[in-house]
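Read the structure below first, then the notes.
The values are calculated or read from the model by the stated rules, or taken from the named source; none is laboratory data. These numbers were taken from a predicted model, which means no experiment stands behind them. FYI the Cβ positions are ideal-geometry reconstructions off the backbone, even for glycines, and counts take in every protein chain you see.
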Amino acid sequence: MLELRRVSRHFGGVKAVDALDLAVAEGQIFGLIGPNGSGKSTTVNVIAGLFPASGGEILFKGRALAGLPTHQRLQLGIARTFQNIRLFGQLTVWQNLWVAQNAPEDHARRGFFAGWLGGRGSARAELAGLLEFSGLAHKRDELAANLAFGEQRRLELARALAAKPKLLLLDEPAAGMNSEEIGQLRGRILALRAQGVTVLLIEHVMELVMGVTDRIAVLNFGQKIAEGTPAEIQADPVVKKAYLGGD
Amino acid sequence: MEFYYGLAQTIGVHTLLGLSAYIVLLTGQVTMAQAAFFAIGAYTAGMLTVLAGWHLVPAIGAGALTGAATACAVGFPALRVKGLMLVVATLAFGEGVRLFFFNFDYQVARGEIRVGPLGGEGFRQIRFFQENGWTTGEVMLFIWVFVLLAMAILWWFDRSRYGAVLRAVGEDELAAQSVGINLTAVKVSAMTVGGAVAGVGGALYAHYTTHIEHANFGVLLATFAIAYPIVGGLRNVFGTLAAVVFVQALLVEGLRDLGDWRNLLFGALIVLAMNLRPQGLFGGRRA
Amino acid sequence: MLDFLQAASDGVLFGTTYALIGIGFTLVFGVMHKLNLAYAAASIGAAYSGLIILQAWTAAPAWAVFLAAFIAGGLIGWMVYLTCFHFIPLSHPLAPLMATVGMLLLIDEIIVHMTDGMPQNYPAVYDDVMLRIGEFMVRGDLLLVGAVSVLCMIGLLALLYRTRLGLATRAVSQQAVAAQLCGIRVGQVNAMTFVITGLVGGLAGALIGASVGALSPLLTAPLTVKGLIVTVIGGLGSIPGAIVAGLLVGGFENVFQLYRGVTERDLYVMLLLFAFLVFRPGGIFAPRGGRD
């Protein structure tokens, strides 16, 4: 579904991502891990279209993404969450989801007039389901800025889902969570896979990564140093060295 | 009574000016160009009623259209610059439009006199209301029909998905893009709507003052335009209306006792207001 | 050709004052990420304040007036900081901008009131001196304006790159939170930035008065617009950019005036701005895109 062919991203002299090859199959939950500064977030940003790639190409369902602006990539089916949550704090929970309903089938269904100028009615049913899934139904009309941290995280995820993505890029969704919350997150990600969403998970928290992914790639200094199943990665000495700096 | 009608006319027209800035400010773009669209609406409508003999209502429509078209044209290049650079670009555009009208002559003979814009001297004899026997009270009501219409439309936008999208763009462009919002479309559309509202305001202004000139549409008016929604708060359209009433009533009161000092008062008032209530009169939690 | 060179050189020398105003805007923007729209008005206001010296000491030499303007500029700068930036919390970005607009109007009106709107003569230095190189002439007063401006720029750059205050200022402009965590008092740095740009602005105002020969409240709006144009063309936050852009705008403006007259001149300066906005929106010295 997603293919990176020798993708690079340079910032001046720094090679944040260096000739990265990655292939994520449809329906997979693919993990991307690596020490700090290894280029994980940059990779997500390049896939999402925030920066152009300095080299290589990115293919989504066989289609090259070069030159497409971020909002068009969303319409193709690529959604992302942010590591430092970027909610619309001055909008309510409901509004955060409402403005994110930008999947092409939704636009077509609503038509121009209702799509832009319609009131809440047109979206009520759809978003109600999403609110239930995220456990935020009771906070519908609360300003996003007033939510508790855990609730904000769930809203961040829900908002990405509002656009009915085919591929979801999750940027460190488990940071700061306790075991119980991680368990809930794991459940949600698996439920997403059951609904047909492919997931690329960038994460530090091994408890989540090892417990939910089908396949993992490891980055260090912008390059891929290992790829395999969670079990293979856990046993790989190269990976251990990268994380722990030698035996 | 005449005096109060006149005040109500001014408040109405300034509310339209403020509303034109309100919708653009929602998207996070600070625009100093609204006075320019106001001017374009004023000259367009004035020329149509005076030189081409149009009835006022279609002339106002034309003013709205030219205001909207210019705003749309300005909107696209304006997108290439962000934030504070936009302030500069729109400020420069506003000054450019003012200079254009300073140099603009188009006169036609009407009987023994020549009518039409005459560069620095401005455009006199915009006498549609007088020639058609409108009383001051009727003019005031006419203006307020448009004001209430504009307020209703913007209130409707605010409660619709469009309003939420505008505010999302205003709050965090990066996040907005990432959820699939087309920033260009949203920002240019807001500019265009603002241009249309300003154009209507300008058209009405030209006809109730009967004489317009380039100096009316300078930096001071551009400042008033954004001061109203900022001082009033961006929570809803009533904030802008309240700010206009607040400023104009105070200025007019100030005018009576302090004569010339009203601009001084205006400046000090803004500084005070921003320190005491930075979120604006009606700002704070969204309705 | 000679006329062109003449106009260009006069313009460039006068443009050094635009460069100073541009530096003022750009430095405040670089450090606080906010625009101080009152800056040009404050600079002209400081120049007017310099004239107060003449009230007390009628035979005061020109440099005393300039010095008074310089000092007044610093004071006014500090006042603008207090009234527009110090008390307003960071969470409301539009409020300080609006407050500076309020100050701009206030300063303008104070000037009008204190002078009844009449232009005031400004002392000039060396205005009767002309340097000749064949047919080419350089006005003595413009040369002095240029020289003083350049000295001011050097002084400012020395302050920014050779002193602890300058270091602190540069730190705050890059990462205000981190600077605070290192013990730098950001509030103080911000206030000092306003004082320093105020000093520079006061001097620029005085120099403008000296080259034009008179001061008028009508100068503030065009100077604000031009100062902002210089800042944008030079690149927001870039001091070398403001310097180059100031000279550029000064030179172009005079050349436009030569060929198209005063009324159309400002329109062409606008077009210059739009050309930059279309082709090089980052300005001459556009800052490099970073990771964020």
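Structure summary
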read-out	value
Residue list for segment A:55-89, filter: away from chain B (no Cβ under 12 Å), touching a residue at least 40 places away in the same chain (Cβ under 8 Å) and touching a helix residue (DSSP H, G or I) at 6+ places or on another chain (Cβ under 9 Å)	A:58, A:60, A:61, A:83
Long-range neighbours under 6 Å by Cβ, at least six apart or interchain, first residue over 18 Å from residue B:63 (Cα atoms) within segment B:1-14, second among the small types (Gly, Ala, Ser)	B:5/B:137
From the options C:235, C:246, residue that is within 12 Å of chain B (Cβ to nearest Cβ), touching a residue at least 24 places away in the same chain (Cβ under 8 Å) and in contact with a Gly (Cβ under 9 Å, 6 or more places away or on another chain)	C:235
Of all residues making up segment A:93-108, the number that are of a type in the set (Val, Ile, Thr) and part of a loop (DSSP other than H, G, I, E, B)	1
Test: residue in segment C:12-22 that is in contact with a Leu (Cβ under 7 Å, 6 or more places away or on another chain) and within 14 Å of another protein chain (Cβ to nearest Cβ)	yes
Filtered residues of segment C:262-287 (kept if more than 10 Å from every other protein chain (Cβ to nearest Cβ), modelled with pLDDT under 80 and assigned to a helix (DSSP H, G or I))	C:262
Test: residue B:271 is farther than 26 Å from residue C:107 by Cβ, assigned to a helix (DSSP H, G or I), β-branched (Val, Ile, Thr) and modelled with pLDDT of 70 or more	no
Evaluation of residue C:50 against (1) in contact with a Phe, Trp or Tyr (Cβ under 7 Å, 6 or more places away or on another chain); (2) under 26 Å from residue B:22 (Cα atoms) (one fails), failing number	(2)
Helices (runs of 4 or more DSSP H) (entirely within segment B:114-198) containing at least 3 residues that are within 14 Å of another protein chain (Cβ to nearest Cβ)	B:136-159, B:161-171, B:173-178
Residue among C:236, C:258 that is buried (at least 24 other Cβ atoms within 10 Å of the Cβ) and either touching an Asp or Glu at 6+ places or on another chain (Cβ under 8 Å) or not in a helix (DSSP H, G or I) (or both)	C:236
Residue within segment B:92-101 that is in contact with a strand residue (DSSP E or B) (Cβ under 9 Å, 6 or more places away or on another chain), over 22 Å from residue C:34 (Cβ atoms) and at pLDDT 85 or above present	yes
Any hit, segment A:193-204, residues being touching a Phe, Trp or Tyr at 6+ places or on another chain (Cβ under 7 Å), of a type in the set (A, V, I, L, M, F, W, C), closer than 21 Å to residue A:99 by Cβ and free of Cβ contacts under 8 Å to residues at least 60 places away in the same chain	no
The lone exception for residue A:44 - which of (1) over 16 Å from the mean Cα position of the chain (by Cα); (2) more than 9 Å from every other protein chain (Cβ to nearest Cβ) it fails	(1)
Qualifying residue in segment B:66-81 (condition: at the interface with another protein chain (Cβ under 9 Å from one of its Cβ atoms), at pLDDT below 85 and buried (at least 18 other Cβ atoms within 10 Å of the Cβ))	yes
Exclusive hit being over 15 Å from the mean Cα position of the chain (by Cα), at negative phi and more than 13 Å from chain C (Cβ to nearest Cβ), set B:216, B:236	B:236
Helices (runs of 4 or more DSSP H) lying entirely in segment C:106-222 (those with 2 or more residues that are touching a residue at least 40 places away in the same chain (Cβ under 8 Å))	C:140-162, C:164-174, C:186-212
Any chance residue C:252 is within 13 Å of chain B (Cβ to nearest Cβ), among the aromatic types (Phe, Trp, Tyr) and assigned to a helix (DSSP H, G or I)	no
Unique residue being more than 14 Å from every other protein chain (Cβ to nearest Cβ), under 26 Å from residue C:122 (Cα atoms) and surrounded by 20 or more Cβ atoms within 10 Å (Cβ to Cβ) when the list is C:205, C:213	C:205
Strands (runs of 3 or more DSSP E) within segment A:140-247 that include 2 or more residues more than 14 Å from chain B (Cβ to nearest Cβ)	A:198-202, A:215-220, A:223-228
Which numbered condition residue C:93 misses (of (1) at the interface with chain B (Cβ under 10 Å from one of its Cβ atoms); (2) modelled with pLDDT of 80 or more)	(2)
Lone qualifier among C:82, C:75, C:37 - being in contact with a Ser or Thr (Cβ under 9 Å, 6 or more places away or on another chain) and surrounded by fewer than 17 Cβ atoms within 10 Å (Cβ to Cβ)	C:75
The one condition in (1) touching a residue at least 12 places away in the same chain (Cβ under 8 Å); (2) more than 13 Å from the chain's Cα centre (by Cα); (3) not in a loop (DSSP other than H, G, I, E, B) that residue C:20 fails to fulfil	(2)
